[in-house]
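To start, the structure itself, in structure tokens.
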Amino acid sequence: MKVRQPIPAEAFGHGDVRRYRRGCTCRPCTDAATAEARRWKYLRDTGRGGDFDATKVINHVWKLRAAGLTDREIRKAAKLSPAHLYQIIRNGGTVRQSTAARILSIPVPTDREGPTRNGAHVPILGTRRRLQTLSAEGWPFKELDRRLGTGAGYTAYLIRAAGEMVRFSTADAIRHLYTELADLTPEEHGVAPAVAKQTRARAADKNWARAAYWDAEDFDNPDFKPATNDDQISRSELGALRRAEIAHLMAFDLSHTEIAARLGMNENYVRDIAREISNGARRDRTTTLEVTA
């Protein structure tokens, strides 16, 4: 393992406070250190302390990572040591104004193609939930592995992983895959109908929520728990979810019979909701909501 060598005092000229911090006590270096101390005291006394809320800085680092920059590239652009960057991300709180300015000045690339190359680690929760949701939609693990370009069993491994962290690059690849597949029907894209049906059934047995139960920001939110059965949500919420599922499948020109079979709903109920969606008007619901299978 290569040991990072400290920068020697001689790398900086006399009168540079960085040379003073490395042990030089000549008059120019001492004066520079005194001037810096007085400057920071003045800023604090006038309510303009040298500290900056780290939240905005950390969010910018995540944007840079998501845009494909590696931590090495971020550190180089901001002139930070590895320890300093990771300390900011782990500890939060505040950072020096000068440090914040260097990080925030790094532009977010706009020409990114494909998932990031960043190897930092992030919580695995969102990754696991996205894969479970794709399974609930009928995408078998074997097909997900193929689309990810990984070895067999990788998707199942991520879902069963005992650890709570995963590489950012892996999480980002799964996020891209989910975005690509969320609005597609497996049967229309290479998955045998029988396999898709079996996959949905296994996911339902495990109580994995389908796509209609999630908003994009909920996957990574540990405080969000999707309602996956009729007992956990109100009638109006249930109706909205069922309606969204039906509308999604209608976009693929599926028959009412096919939609009812896939969602486990009564065909007459599907037909009524489909008519509402097509006409743009809701029917009278003064009677009991029909959502029985």
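The values are calculated or read from the model by the stated rules, or taken from the named source; none is laboratory data. Remember, it's a predicted structure, so these values are computed and weren't measured experimentally. Every residue, glycine as well, gets a Cβ built from its backbone with ideal geometry; the counts of neighbours run over all protein chains shown. We work out accessible area using only protein heavy atoms, side chains counted, and drop any ligands, DNA or RNA first. Shrake-Rupley method; radii C 1.70, N 1.55, O 1.52, S 1.80 Å.
Do we have ARG242 as charged (D, E, K, R), at pLDDT below 80, out of contact with any Lys or Arg (no Cβ under 8 Å at 6 or more places or on another chain) and closer than 17 Å to ALA211 by Cβ here? The answer is yes for ARG242. Only residues that are surrounded by 14 or more Cβ atoms within 10 Å (Cβ to Cβ) and within 18 Å of THR127 (Cα to Cα) were counted across the range 177-223, and they come to 15. Among the residues of the range 10-23 satisfying the criterion of being out of contact with any Asp or Glu (no Cβ under 9 Å at 6 or more places or on another chain) and open to solvent by less than 50 Å² (accessible area, probe 1.4 Å), which is farthest from SER81 (Cα to Cα)? Among those that are out of contact with any Asp or Glu (no Cβ under 9 Å at 6 or more places or on another chain) and open to solvent by less than 50 Å² (accessible area, probe 1.4 Å), it is GLY13.
No other residue among ALA152, ALA136, ALA171, ALA156 is closer than 23 Å to LEU64 by Cα and touching a helix residue (DSSP H, G or I) at 6+ places or on another chain (Cβ under 6 Å) apart from ALA171.
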